[in-house]
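Nothing in this text is a laboratory measurement; each read-out follows from the coordinates by a stated rule. Keep in mind it's a predicted model, so treat the numbers as computed, not measured. Cβ coordinates were reconstructed from backbone atoms using ideal geometry, including for glycine residues, and neighbour counts include every protein chain displayed.
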Amino acid sequence: MRNYARLMKGQVINMIESRCGIVCSKCEYRDQFSCKGCVNIEKPMWGECKIKKCCESKKITHCGLCEKFPCEDLITFSYDKEQGDHGARIEQCRCWYKGGDDSCQL
């Protein structure tokens, strides 16, 4: 499945790189692990991800496109004490769903 982008004069303006709403370009591990975002790789560097698996089984690009958005799994992940971001990834998915551009990246 390909991610989608909005093009302007042939250049990519906004690209969805994650299923859960993480903005991969701001991830501290991106360069360290040569990660291209879970939309663009087979298996995430950290192992299995049920959010990635869920989106791919439903053939959707990210959680914001799901009829159950935001589901309990995404809420739990977003507010996790160690890996959470206090709901920012949920808002990012909501922004992607609305067709937001780079200005909506949180």
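List of remarks:
- Amide H contacts under 5 Å for I22: none, restricted to partners 5 or more places along the chain or on a different chain, H placed in the peptide plane at 1.01 Å from N.
- Residue order for W46, W96, fewest other beta carbons within 10 angstrom first, comes to W46, W96.
- Sorting T76, T61 from the fewest to the most surrounding beta carbons within 10 angstrom yields T76, T61.
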